[in-house]
Amino acid sequence: MTHSLLILRQISAWITILALTLTVMLPGLHGEFIFDDNPNIVDNSAIQLETLNLDSLHASISGPTAGPLGRPISVISFALTYYFFGLDPFAFKAINLAIHAINGLLVAWLVKLLLRVSPGIQASEKTIVWLPIWVAAAWLIHPINVITVMLAVQRMALLSGMFLLLALICQLKAMSMPQGEKKSWAWVAAGWLLFWPLSILSKETGLLFPLYSLAIMLLLRSPSVTTLRRPSWAIPASLLSLPIIAITMLIILGGNWLESAYAMRPFTLSERLLTEARVLWFYAAQIITPNYASFGLYLDDFSLSTGILQPPTTLLSVIGWGATILGIWLFRNRQPLLCFGVAWFLVGHSLESTFLPLEIAQEYRNYIPSIGLVFAVGHLGLATLQKLDSDYRPLTIRMLAVTSILVLALFTWLRAGQMGNPLLGTQMEATRHPQSARANHAAALALIKAGYGGASDPIAGNNIRFYLQQSEMADPSFKFGYLGLIVWSCGSGRPVEKQWLDGLSDRLEHTPFAPKDYALPDLLFKPLISMPKCLSREDATKLFVAGANNPSIRKSLRARFLETAADYELLASADPHAAQGYLEMALALSPDNPELRRKLESFDFLKPHKNKAP
């Protein structure tokens, strides 16, 4: 085959792959903003630019903190998208898809470099050309990545991944050059001083770059090769950067950040670590042998491991990963690419799937880690098929390669279609994940938003009631189900049941508050003001006071509950004395809040009173 014909075939393959990616992802672009899109984009006025200049871009990063470092690169990209396209979910998702396509090209480049610069790996030229293209195609079209593209806020993962891939490519380019080549230092500088910081400032998962670098240095080698194309500085630089990163993050977060963060979660550090052993096997299975019914937007129905034998699969999972890590080290010389692919997956999860007090499981955490397993499967499959003694071996390889891509494409097309239809998609999500509090809550909200469940619609009303009650039964710390029942009943002219009020009050006062719960004071206040006859004054203030009495949440949030109680008393009850009393209690909890102090000073015209609040 001539070189020009080979180039033409590669171009044709890429056109086909990118066209297929667009085709299967396109239905999802028509969906709405969902999940974490709302606090970070829809409700984030800081990114909603009216003018474009340096001052407005700088102001855009002053909104809700997306992470310890603020993720300014991602936030500025949101601001620019809003400026040019407005609050259009299609535009946000389409840009995500474009970045995903670029990342697919980078994945192919990375894999090709890995095959070329790794000593001792005897890959044919045909393998070096076509295996990277297959890996990139499978990864681009894999259903595990649908959520990352369709969740607008996950541009953070997309951008961080793009810059991380570029940083690793730069390092591999430097490794591919002869020792002493001056140009290699330009590649090193671009990787370590430009793309790595950009990855970190897009999302903190970019901090893992030194670990990926170590995996390349330690695993992709052969003892039979005496001259290794590996910079002598690479391993020391990677090792030195790890404690520097740890110390820097500890300074930024503070000494007691871990304990404070776990106070917001319904699980402990040990429970999370044990559960993540099972979660990682679930992720690996979904990447290698995808099960369509097991994919999910929320995955909050993943049961906790409360002990090493509760459930028994916890022990098996821990032993399994221990054996896997041991196997990676023992077989690193005999199966370097396979071991590297699995190690890449584990490195990619070493931050978000270990000790950090994040939610138990999320599909988008596999965006970069999944590359390793796709690469390992592709390499192992090709190596196995190449051992076949048959005249049909080339045809068999091509057929299996194409068939696997088409199966992945079908799953992705189905998932994207679900994401693009908010009403049907949420019902399917709740059906496949009946123990997911969020999936049930989203299904109910989609019905309400579509106009179903009114006073004259008892069938849809029963469905809404079922979903909201199911959301509360699924998670004993979930609060939005009871809140949804109360607001929906008021809006549709149905009676509010006492058990809902008691249930919400109990959870406000006695359960941990996750980040999603921080908006509850306002989410309580707005419907009670817009529907003043929804609850009695006693029932309404009971809910605000319950939140303020929760000892496990920060004092500023408790003060916010009392502040909204004051606003309610002033606007709904027309009782400024009661409002003043709540503000005084709020200021006692948060004495450094200037807004509270100014608001309280506006009540100075009132005469002193004995009872601060009813």
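The values are calculated or read from the model by the stated rules, or taken from the named source; none is laboratory data. Since the model is a prediction, treat every value here as computed from it, not as a measurement. Quick reminder, even Gly has a Cβ in these numbers, built from the backbone with ideal geometry, and neighbours come from all protein chains shown.
Restricting the search to helices (runs of 4 or more DSSP H) fully inside segment 485-601 and requiring at least 1 residues that are farther than 22 Å from Tyr467 by Cα and touching a residue at least 60 places away in the same chain (Cβ under 8 Å) gives 537-548. Could you please let me know if Ile360 is assigned to a helix (DSSP H, G or I), in the same structural domain as Gln286 (by TED's automatic domain parsing), under 23 Å from Arg272 (Cα atoms) and modelled with pLDDT of 95 or more? Criteria not met by Ile360. Take the conditions at pLDDT 90 or above, more than 30 Å from Pro476 (Cβ to Cβ) and β-branched (Val, Ile, Thr) and apply them to Val225. Does it pass? It is false that Val225 is at pLDDT 90 or above, more than 30 Å from Pro476 (Cβ to Cβ) and β-branched (Val, Ile, Thr). Quick one: is Thr412 surrounded by fewer than 19 Cβ atoms within 10 Å (Cβ to Cβ) and among the polar types (S, T, N, Q)? The answer is no for Thr412.
Test Ala460 against the criterion of being out of contact with any Gly (no Cβ under 8 Å at 6 or more places or on another chain), modelled with pLDDT under 95 and among the small types (Gly, Ala, Ser), and give yes or no. No: the conditions fail for Ala460.
Listed here are the residues, each with its yes/no results for (1) crowded, with 18+ Cβ neighbours inside 10 Å; (2) in the same structural domain as Thr412 (by TED's automatic domain parsing); (3) in a helix (DSSP H, G or I); (4) at pLDDT 95 or above.
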{"residue": "Trp196", "(1), (2), (3), (4)": "yes, yes, yes, yes"}
{"residue": "Leu201", "(1), (2), (3), (4)": "yes, yes, yes, yes"}
{"residue": "Leu240", "(1), (2), (3), (4)": "no, yes, yes, no"}
{"residue": "Ala285", "(1), (2), (3), (4)": "no, yes, yes, yes"}
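The residue list Val496, Val545 contains one member that is more than 19 Å from Asn462 (Cβ to Cβ) and more than 30 Å from the chain's Cα centre (by Cα), which is Val545.
In summary, Lys610 fulfils each of the numbered conditions (1) more than 27 Å from Lys479 (Cα to Cα); (2) at pLDDT below 90; (3) part of a helix (DSSP H, G or I) with the single exception of condition (3). The requirement of being among the aliphatic types (A, V, I, L, M) and more than 18 Å from Lys479 (Cβ to Cβ) is not satisfied by Leu535. Quickly run through segment 365-385 and pick out the residues that are aromatic (Phe, Trp, Tyr) and in a helix (DSSP H, G or I). Correct list: Phe375 only.
Of the residues examined, Ala277 is not one that is assigned to a helix (DSSP H, G or I), in contact (Cβ under 8 Å) with a residue 40 or more places away in the chain, touching a Leu at 6+ places or on another chain (Cβ under 7 Å) and at negative phi. All of Arg334, Arg365 fail the test of being among the basic types (Lys, Arg) and in contact (Cβ under 8 Å) with a residue 60 or more places away in the chain, apart from Arg365.
Residue by residue, here is whether (1) crowded, with 20+ Cβ neighbours inside 10 Å; (2) touching a helix residue (DSSP H, G or I) at 6+ places or on another chain (Cβ under 8 Å); (3) part of a helix (DSSP H, G or I); (4) at pLDDT below 95 holds:
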{"residue": "Pro290", "(1), (2), (3), (4)": "no, yes, no, no"}
{"residue": "Leu299", "(1), (2), (3), (4)": "yes, yes, no, no"}
{"residue": "Leu304", "(1), (2), (3), (4)": "no, yes, no, no"}
{"residue": "Ser317", "(1), (2), (3), (4)": "yes, yes, yes, no"}
{"residue": "Thr324", "(1), (2), (3), (4)": "no, yes, yes, no"}
{"residue": "Gly327", "(1), (2), (3), (4)": "no, yes, yes, no"}
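The numbered conditions (1) free of Cβ contacts under 8 Å to residues at least 60 places away in the same chain; (2) farther than 20 Å from Ala19 by Cα are all true for Leu113 except (1). Applying a threshold of 9 Å to beta carbon distances and a minimum spacing of six or more residues, or different chains, the list of pairs starting in segment 300-328 at a residue that is in contact (Cβ under 8 Å) with a residue 40 or more places away in the chain and ending at one that is part of a strand (DSSP E or B) reads Leu304/Gln310; Thr314/Gly307. Restricting attention to segment 243-269, the residues that are within 26 Å of Gly322 (Cα to Cα) and surrounded by fewer than 13 Cβ atoms within 10 Å (Cβ to Cβ) add up to 2.
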